[in-house]
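The values are calculated or read from the model by the stated rules, or taken from the named source; none is laboratory data. Bear in mind that the values here come from a model prediction, so they are computed numbers and not experimental data. Here the Cβ is made from the backbone with ideal geometry for all residues, glycine too, and neighbour counts use every protein chain on show. We work out accessible area using only protein heavy atoms, side chains counted, and drop any ligands, DNA or RNA first. Shrake-Rupley method; radii C 1.70, N 1.55, O 1.52, S 1.80 Å.
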Amino acid sequence: MVKKMDTSFTWTLMDWYRANHRALPWRKDKAPYHVWVSEIMLQQTRVEAVREYYKRFMDALPTISDLAAAEEETLLKLWQGLGYYNRIRNMHKAAQIVEQELGGVFPCGYAEIKALPGIGEYTAGAIASICFDVPVAAVDGNVLRVMSRLKNDSTDIQNAKFKKQIGAELTALYPQEHCGDFTQGLIELGALICGPAGQPKCEICPVAAYCQGREQGTAAALPVKAKKKARKKVEMTVFILHTAENAAEGQVKRTAVCKRDATGLLAGLYQFPNVDKKMQASEAIAQAESWGCRPKDLLRRAEYCHVFTHVEWHMTGYYILVETMPHAFQWATDAQLAQEIPMPTAFGYFLQ
Ligand code: ADE
């Protein structure tokens with residue numbers, strides 16, 4: 001018989017969290033700015049990758065008013081490589097609201113936090129419980145996986161009703177204080193013990209006694225998650241137009257870039273000139289000519305596939321040495337590309 005999931009579960013998990021959690025940079029204090037930034041970064045990115053981004057972000061923008069006052073391009077550059085760039089745009093808007101409408105004070109209630117741009121139920125629950133001791137659950141995919149196993153429930157974890165029900169069940173288990181330790185205990189359990197890939201480590205799980213999935217032998221097969229529709233595939237040709245092969249002495253190498261539309265995928269970031277079709281080398285040279293670039297030499301060709309949530313870009317890149325710099329493009333130096341110009345990973349690949 002498994003134990004009933006009551007507040008003894010809560011205390012068992014919290015005790016384990018306190019003794020075993022990872023020392024992560026955003027766990028050093030409970031400042032809402034720190035927890036907020038880290039939770040947004042962690043939404044689509046692994047902890048190890050977030051560490052470096054988080055440090056760089058906090059060095060550049062140590063307070064919420066620094067974030068509110070920052071230029072959008074500075075923010076996109078700090079976010080470069082994390083993807084889902086609307087996350088940082090929304091954080092920018094939210095910081096401006098906190099500064100201009102809330103007297104510079106981050107709100108402390110769940111509803112007020114959730115009302116800020118880009119903050120949904122999960123993030124609001126995480127900030128409210130970790131920073132302000134509000135007894136409210138933060139349910140993401142990891143917590144849903146853990147709960148599916150604990151309850152031996154094979155409902156699709158993408159089902160909104162299931163998520164709501166898990167949120168309510170967990171909220172009822174919250175302690176009166178130290179709520180953040182319970183929230184982070186669930187997160188940590190999902191990361192260290194009850195992980196997504198392969199076998200959950202039931203033999204060292206602190207809450208194994210409560211787990212129906214373990215008792216029934218179903219834990220490793222859970223959670224159930226319905227397959228998504230196949231992604232759309234797009235063929236593209238990308239032009240890396242250089243004015244020199246290398247930045248030699250007395251000669252500055254410049255590369256053509258242009259800004260993407262203000263809406264849609266990778267909005268407002270930079271890209272290399274490109275067309276939505278796969279071209280052979282001769283066709284690519286003719287395309288560069290049509291832009292007024294006067295191609296001199298085809299230096300090399302590279303293939304790269306970038307997978308987004310709903311679309312895959314199958315890109316053929318041509319590195320072409322050109323003699324003229326038409327105004328249709330901006331011509332960036334290597335230093336500008338490295339330090340100033342926000343270039344998404346899909347195109348940044350061609351800079352390696
Ligand atoms: N994933 C989501 N939130 C997290 C947190 N606060 N610490 C570690 N991993 C997380």
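Quick one: which residue in Glu303, Glu323 is touching a residue at least 12 places away in the same chain (Cβ under 8 Å) and under 25 Å from Gly83 (Cα atoms)?
Numbers: Glu323 fails: under 25 Å from Gly83 (Cα atoms).
Of the residues listed, the single one that is touching a residue at least 12 places away in the same chain (Cβ under 8 Å) and under 25 Å from Gly83 (Cα atoms) is Glu303.
Since Ser154 meets every condition but one in (1) in contact with a helix residue (DSSP H, G or I) (Cβ under 8 Å, 6 or more places away or on another chain); (2) open to solvent by 20 Å² or more (accessible area, probe 1.4 Å); (3) assigned to a helix (DSSP H, G or I), which condition does it not meet?
Exception for Ser154: condition (3).
What number of residues within segment 115-124 are away from the ligand (no atom under 11 Å from the Cβ) and either of a type in the set (S, T, N, Q) or out of contact with any Pro (no Cβ under 9 Å at 6 or more places or on another chain) (or both)? First the steps, then the outcome.
Filtering segment 115-124 for residues away from the ligand (no atom under 11 Å from the Cβ) gives 115-121, 124.
Those left that are additionally either of a type in the set (S, T, N, Q) or out of contact with any Pro (no Cβ under 9 Å at 6 or more places or on another chain) (or both): 117-121, 124.
Within segment 115-124, residues that are away from the ligand (no atom under 11 Å from the Cβ) and either of a type in the set (S, T, N, Q) or out of contact with any Pro (no Cβ under 9 Å at 6 or more places or on another chain) (or both) number 6.
Examine segment 263-280 for a residue that is without any contact (Cβ under 8 Å) to a residue 40 or more places away in the chain and within 25 Å of Asn90 (Cβ to Cβ), and state whether such a residue exists.
So the first thing to find is which residues in segment 263-280 are without any contact (Cβ under 8 Å) to a residue 40 or more places away in the chain, and the list is 263-264, 275, 280.
With the extra rule that they be within 25 Å of Asn90 (Cβ to Cβ), the set shrinks to 263-264.
Checked segment 263-280: at least one residue is without any contact (Cβ under 8 Å) to a residue 40 or more places away in the chain and within 25 Å of Asn90 (Cβ to Cβ).
For segment 62-80, enumerate the residues that are open to solvent by less than 40 Å² (accessible area, probe 1.4 Å) and either within 19 Å of Ala335 (Cα to Cα) or among the β-branched types (Val, Ile, Thr) (or both). First the steps, then the outcome.
Taking segment 62-80 first, the residues open to solvent by less than 40 Å² (accessible area, probe 1.4 Å) are 64, 67-68, 70, 75-79.
Answer for segment 62-80, where residues must be open to solvent by less than 40 Å² (accessible area, probe 1.4 Å) and either within 19 Å of Ala335 (Cα to Cα) or among the β-branched types (Val, Ile, Thr) (or both): Ile64, Leu75, Leu76, Lys77, Leu78, Trp79.
So, in segment 214-259, exactly how many residues are charged (D, E, K, R) and farther than 23 Å from Thr345 by Cα?
Going through segment 214-259 one residue at a time, the tally reaches 7.
Looking only at segment 34-61, which residues are open to solvent by 70 Å² or more (accessible area, probe 1.4 Å) and more than 11 Å from the ligand (Cβ to nearest atom)? Don't jump to the end; show me each part of the working.
Step one: list which residues in segment 34-61 are open to solvent by 70 Å² or more (accessible area, probe 1.4 Å), which gives 43-44, 46, 48, 51-52, 55-56, 59.
Hits for segment 34-61 are Glu52, Lys55, Arg56, Asp59.
What's the total number of residues in segment 184-239 that are touching a residue at least 24 places away in the same chain (Cβ under 8 Å) and either within 16 Å of the ligand (Cβ to nearest atom) or in contact with a Gly (Cβ under 6 Å, 6 or more places away or on another chain) (or both)? Show your work before the answer.
Here is the first cut: in segment 184-239, the ones touching a residue at least 24 places away in the same chain (Cβ under 8 Å) are 184-192, 194, 196, 200, 206-207, 209-216, 218-219, 222-226, 231-239.
Subsequent filtering for residues that are either within 16 Å of the ligand (Cβ to nearest atom) or in contact with a Gly (Cβ under 6 Å, 6 or more places away or on another chain) (or both) retains 184-192, 194, 196, 219, 222, 238.
Residues meeting the conditions: 14.
Are any of the residues in segment 142-150 on the phi > 0 side of the Ramachandran plot and touching a Gly at 6+ places or on another chain (Cβ under 9 Å)? Quick ask: steps written out before the conclusion?
Let us first name the residues in segment 142-150 that are on the phi > 0 side of the Ramachandran plot, namely none.
Scanning segment 142-150, I find no residue that is on the phi > 0 side of the Ramachandran plot and touching a Gly at 6+ places or on another chain (Cβ under 9 Å), so the answer is no.
Of the residues that sit in segment 126-141 and are surrounded by fewer than 24 Cβ atoms within 10 Å (Cβ to Cβ) and either of a type outside the set (A, V, I, L, M) or assigned to a helix (DSSP H, G or I) (or both), which one is farthest from the ligand (Cβ to nearest atom)?
Looking at the filtered set, the residue picked out is Pro135.
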